[in-house]
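> A single structure is presented below for examination.
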Amino acid sequence: MLFAAILLAVVGFVALVVSLAVGSTTWAWVCVAVAAVGVALFIFDLVRHRKR
């Protein structure tokens, strides 16, 4: 799960760079969505490890 969260962070960063280069709000929203999924996975992984 942590690897997936890190991968999503990289994908989100790439989407942010593309958004800035192209000037498209669609890519900016893609970046926000990917970041939200990454944060959710990170929190899920954190809670799962604390229960152990």
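> If packing is taken as the average count of other Cβ atoms within 10 Å, what order do 41-52, 21-32 fall into, highest mean first? Don't skip to the end; give the middle numbers.
Values: 41-52: 10.9, 21-32: 13.2.
Taking the mean over residues of other Cβ atoms within 10 Å, the ranking is 21-32, 41-52.
> Short version: what are the Cα gyration tensor semi-axes of the chain, square root of 5 times each eigenvalue, largest first, in whole Å?
Working from the Cα gyration tensor, I get semi-axes of 27, 9, 5 Å.
The numbers here are math on the coordinates, done by the rules we state, and not lab data. Quantities reported herein were computed from a predicted structural model and do not represent experimental measurements. Positions of Cβ are backbone-derived with ideal geometry, glycine not excepted, and every protein chain shown enters the neighbour counts.
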